[in-house]
Amino acid sequence: MPVDDVVLAANGDTAAFERVYHAYLPRVHGLARRMAGPEAADELTQDVFVRVWQKLATFRGDSAFGTWLHRLAVNVIVERFRRLGTARRRFLDDGEATLELAHAPARSRPDLRMDLQAALDTLPEGARTVFVMHDVEGFRHDEIAQMLEVSPGTSKSQLHRARHILKAALGARK
Amino acid sequence: MDDQRTTRMTRGLARPGTAWGSGPAVDDPLNADDPLLAAIGALADEPPRRDLWPGIERRLHHRRPRSVTMTLPQLALAATLVMAVSAGVSWLALAPPRAAITPETPIQAVAEPAGPVRPDVARANFADAQYDAAVADLEQILRDQGEHLDPQTVMVIERNLRTIDEALQQARAALDADPANTYLNSHLADARRRKLDLLRQAAGLSGG
């Protein structure tokens, strides 16, 4: 994508912004889907791009545009959790469901990628969010804890739960 | 954001169609032979099944991009107004509860109502649940989004909020002594409204 489109969009050119949108749509939507689930992904994707439009004037080019956009997208998604009051509940409510899912019979799927995506969709919300932020997006536990307003210990335990469930699910599908 | 992760993200972004991140964070990594690593590496991004652009385009024109620094004069004006409200409430809190009697005012004997409170005048509701919830929500948005605002703007907002809170506190203290004072009740309601307005304005600036 030409860098010029970002500059034009920052100056209010919606046609240029539409090109920026199309260039980054799959990645933003993929991030939203992995972090928040398929039901919320479309709406969150729209929220992210509206926020990008509002904040484009503050992008100074100190980092790559994609890096800036990624950080902003994660913030928008985490803010949604907090605004809906679900940030803590996502972690407190996970409890027993995790163990049940670990032993759930798995459907047979040949594709590894589809396997992981499907398994992610069945994870408890808190475990899924932490797994995606840590193992896919590369955030540290202290960063995750700060953003989600939980303790680093909660982040670690949710990550290990998620890994346990996902390994069991992937193993069952082999 | 640490350099190592920035590098990973940038590398991921350089390969369209791949996941944004490129693997576990350094503080709790997966083993190199863990099957999850291969599965994460195989994750791909897919576009949505419906066209999201029309919905985004409609929302773009509801709030145009704007410069935060342009609003500082507005915030300064708000600060002046708030100071005026605060000063007014302070004066009321310290003034005698009855209207001042000037030499031109004829002195008349009037019957005092029994008891310290006039029951026909309702005191403003300090604990209105909707108001408290709205303030809490907006304060949360401000905490979440404050980092996106210019530090000078944040400073002005915080100073204004402190001034309003002081005005609210003074009005409440004055009303404790004279609960039926309609003037104080009116100022209290006004200060509450100003606090809500300022928080809404600040949340709007921060993009919340």
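Screening the candidates A:V7, A:V74 for the property of being buried (at least 20 other Cβ atoms within 10 Å of the Cβ) and either more than 7 Å from chain B (Cβ to nearest Cβ) or over 30 Å from A:A127 (Cα atoms) (or both) yields one hit, A:V74.
Does A:A97 satisfy being outside the structural domain of A:R34 (by TED's automatic domain parsing), modelled with pLDDT under 60 and either within 21 Å of the chain's Cα centre (by Cα) or not in a loop (DSSP other than H, G, I, E, B) (or both)? Here the answer is yes, as A:A97 does meet what is asked. What is the residue count in the range A:58-71 for residues that are farther than 21 Å from A:A40 by Cα and buried (at least 16 other Cβ atoms within 10 Å of the Cβ)? Summing the residues that are farther than 21 Å from A:A40 by Cα and buried (at least 16 other Cβ atoms within 10 Å of the Cβ) in the range A:58-71 gives 7. Residues in the range A:128-168 that are under 24 Å from A:P38 (Cβ atoms), facing another protein chain (nearest Cβ under 9 Å) and of a type in the set (K, R): A:R163, A:K167.
Comparison of A:K174, A:K167 shows that the only residue that is on the phi < 0 side of the Ramachandran plot and modelled with pLDDT under 75 is A:K174.
The values are calculated or read from the model by the stated rules, or taken from the named source; none is laboratory data. None of these values were measured; they are calculated from a predicted model. Methodologically, a virtual Cβ is constructed for each residue, glycine included, from the backbone with ideal geometry; neighbour enumeration extends over all protein chains shown.
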